Amino acid sequence: MNDFFAYGEKVPGYDVRVLNEREARAAAAILFVGAFLGLVNGVMLGTAVFSEYFVTFFAIDFTIRIIQPRYSPSLLLGRFFVQNQTPEYVGATQKRFAWAIGMVIAWPMFYYLVIDFQPNPIKVLVCLICMALLFFEAAFSVCLGCKIFNLIKKEKATHCPGGVCEMRIKEPIQKFSPIQAGIVVLTTLIMFYGIYAYFTKLPDRTALTKKIKVLMMSDAQLKRIEDAKADAEFDKEDF
């Protein structure tokens, strides 16, 4: 029983209990694919059935993670795919804190998508934030929850992903020259403009693009649309 409630694994050479970051990154990638498929189903097909099943799994999985991660379904799936790779050990305490944030987000989403279905732009934004966090962990090994843990805890975390907790000086290859920094900024601006142009100029073929266009309209534009609809209804009644 003591071993069951012990959080993380005891590995020789580490002064704290640890988890395998490779498993966590693989699990994040698996969950990201599930969230992405749910979003695509909602946007293209106008159905939230896939998202309902996924959010249920997500909430249960993250609850298991903060109780005992060795029994988390997504982490075990991640282990299957990376079982032949050398483990990358990270501190279990900060990962538990990060996953607790995920659980706190997951259960309200479960309520509003499964129990009392109430979709709106704010909930879509929360889903997009969750997807961004999963993507950053899977692709870049960036654990936002671990960074928050270090900000609020007096006793700083050790053995963070990529050694960011211990690293103090960057190697020359990790630094940006002025030209490289300019390229990054320009690329980011072009990407954001491309996303904006895509959603504002795309024909209204999906519920998401229609909703985004409405959100970007001014009160005067919305009033004109409402007046036009009222006039159209009036003309139908006369006919």
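The values are calculated or read from the model by the stated rules, or taken from the named source; none is laboratory data. No experiment lies behind these values; they were computed from the predicted model shown. Backbone-built Cβ (ideal geometry, glycine too); neighbour counts: all protein chains shown. What goes into the accessible areas is simple: the full protein's heavy atoms, side chains included, and nothing from ligands, DNA or RNA. Shrake-Rupley method; radii C 1.70, N 1.55, O 1.52, S 1.80 Å.
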Between a residue in segment 18-40 that is free of Cβ contacts under 8 Å to residues at least 12 places away in the same chain and any residue that is surrounded by fewer than 20 Cβ atoms within 10 Å (Cβ to Cβ) and in a helix (DSSP H, G or I), which pairs come within a Cβ distance under 9 Å, given they are 6 or more apart or on different chains?
Val40/Phe50
Sole residue being touching a Pro at 6+ places or on another chain (Cβ under 8 Å) and either over 18 Å from Leu77 (Cα atoms) or not in a helix (DSSP H, G or I) (or both), chosen from Leu39, Leu19:
Leu19
Which listed residue is open to solvent by 70 Å² or more (accessible area, probe 1.4 Å) and within 22 Å of Phe136 (Cβ to Cβ), from Phe32, Phe80, Phe57
Phe57
From the residues in segment 78-125 that are small (Gly, Ala, Ser) and part of a helix (DSSP H, G or I), which one is nearest to Ala157 (Cα to Cα)?
Ala92
